[in-house]
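The values are calculated or read from the model by the stated rules, or taken from the named source; none is laboratory data. Worth saying up front: this structure is predicted, and the values here are computed from it rather than measured. All Cβ positions, glycine included, derive from the backbone under ideal geometry; neighbour counts span all protein chains shown.
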Amino acid sequence: MKKTSLITHVTKGSVFDDPALFPPDRGAELKMRAQLLRGLEAWLKTAGTQAAAAKVLGVTQARVSDIKHGKIDKFSLDLLVRLAARAGLHPQLKLAA
């Protein structure tokens, strides 16, 4: 019996840096959004209830649930920056050549 492989492409490093999957501009944005979302997810673990976190962030509890479940498609980069700032995470942008 012949064994077939479903793997057609292997990504090394961040999937967002792979030009076969994302154009560089889109990959850069997704990478930043993912980093901010991970930071907010970690903050949520210390923020108490979702209702309390929602109050601090100025969003609904449903939006906090979206953060908790990593629903990156539900958040723009600018909103994630604002939410991270409201959570006291001090988001910063670093450019590298």
For region 61-89, pairs from a residue that is of a type outside the set (Asp, Glu) to a residue that is surrounded by fewer than 14 Cβ atoms within 10 Å (Cβ to Cβ) and outside any helix (DSSP H, G or I), with Cβ under 7 Å and 6 or more apart or across chains, are 86/58
Among the residues of region 58-83 satisfying the criterion of being aliphatic (A, V, I, L, M) and more than 26 Å from residue 26 (Cβ to Cβ), which is nearest to the chain's Cα centre (by Cα)? 64
Within region 8-67, the count of residues that are modelled with pLDDT under 85, touching a Gly at 6+ places or on another chain (Cβ under 9 Å) and not small (Gly, Ala, Ser) comes to 6
Given 28, 54, 47, which one is assigned to a helix (DSSP H, G or I) and either under 18 Å from residue 88 (Cα atoms) or polar (S, T, N, Q) (or both)? 54
